[in-house]
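The values are calculated or read from the model by the stated rules, or taken from the named source; none is laboratory data. Small disclaimer: the values here were computed from a predicted structure and weren't measured. Here Cβ is always computed from backbone atoms with ideal geometry, including for glycine, and neighbour counts include all displayed protein chains.
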Amino acid sequence: MRSRNERRHTMGDRRTIHSEKSIKKGIAVSAGGVVWRETGSQGEVEVVLVQTPARRWSLPKGTPENGEKLPDTALREVSEETGLSVALDEKIGVMRYSFPGEEARIDKAVHFWLMQPTGGSFKNHDNEHIDVRWVGLGDAMRMVSYRNTASLLEDAAAMLNRRVGPTQG
């Protein structure tokens with residue numbers, strides 16, 4: 001039986017930039033983060049969402065470069081996609097889903113960590129997304145375009161509840 005953080009998700013954000021090797025095997029791996037900050041004294045938490053050109057709200061994530069470890073991928077991709085400098089925190093879990101590829105169905109595993117901002121600015125985000133913003137955690141769960149992303153945010157909220165009390169926002 002899978003743990004709550006490793007349950008199988010069947011839908012998700014579809015990003016098709018993968019290495020030739022992973023596509024031939026029908027598997028893909030990515031890493032990303034839930035960047036969070038506490039905004040008030042009563043457990044209010046905001047997270048960073050990115051908006052794709054297709055107007056879908058998601059979490060920042062991306063594909064490893066050759067030989068890159070997944071935590072390093074998560075830090076690099078989140079920084080590139082948001083413009084923020086971030087620090088790695090606790091691992092949330094792995095989101096799994098599949099989507100049609102050119103030659104075969106692709107099974108994807110995206111590893112996510114909690115992250116905290118240490119500097120930077122949304123003005124410096126890459127061109128892959130049309131918008132980057134802070135959103136209250138509850139609003140973020142409603143805004144994201146896929147249910148598995150909302151489930152991952154629920155897992156993050158449970159982890160944050162232990163730190164800042166019941167999260168709001």
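Within the set of pairs 6+ apart or on separate chains, which have a first residue in the range 103-119 that is over 17 Å from Trp36 (Cβ atoms), a second that is among the polar types (S, T, N, Q), and C-beta atoms under 6 Å apart? What qualifies is Arg105/Ser98; Asp107/Ser98; Val110/Ser30. When only residues in the range 141-169 that are closer than 17 Å to Pro60 by Cβ and in contact with a helix residue (DSSP H, G or I) (Cβ under 6 Å, 6 or more places away or on another chain) count, which is surrounded by the fewest Cβ atoms within 10 Å (Cβ to Cβ)? So the residue we want is Ala150. Here the helices (runs of 4 or more DSSP H) wholly within the range 69-169 that include at least 3 residues being small (Gly, Ala, Ser) are 147-164.
Within the range 38-68, being touching a helix residue (DSSP H, G or I) at 6+ places or on another chain (Cβ under 9 Å), surrounded by 16 or more Cβ atoms within 10 Å (Cβ to Cβ) and assigned to a loop (DSSP other than H, G, I, E, B) holds for Gly43, Leu59, Pro60, Thr63, Pro64.
Under the condition of being basic (Lys, Arg) and more than 30 Å from Arg163 (Cα to Cα), which residue from the range 19-42 is modelled with the highest pLDDT? For the range 19-42, the residue satisfying everything is Lys25.
Among the residues of the range 81-94, is any under 12 Å from the mean Cα position of the chain (by Cα) and either of a type in the set (Lys, Arg) or over 17 Å from Trp36 (Cβ atoms) (or both)? Outline the logic, then answer.
To start, the set of residues in the range 81-94 that are under 12 Å from the mean Cα position of the chain (by Cα) comprises 81-82, 91-94.
Then drop every residue that is not either of a type in the set (Lys, Arg) or over 17 Å from Trp36 (Cβ atoms) (or both), which leaves 91, 94.
Yes, that holds for at least one residue.
Where residues in the range 98-110 are crowded, with 20+ Cβ neighbours inside 10 Å and closer than 27 Å to Leu137 by Cβ, which of them is nearest to the chain's Cα centre (by Cα)? Restricting to residues being crowded, with 20+ Cβ neighbours inside 10 Å and closer than 27 Å to Leu137 by Cβ, the top hit is Val110.
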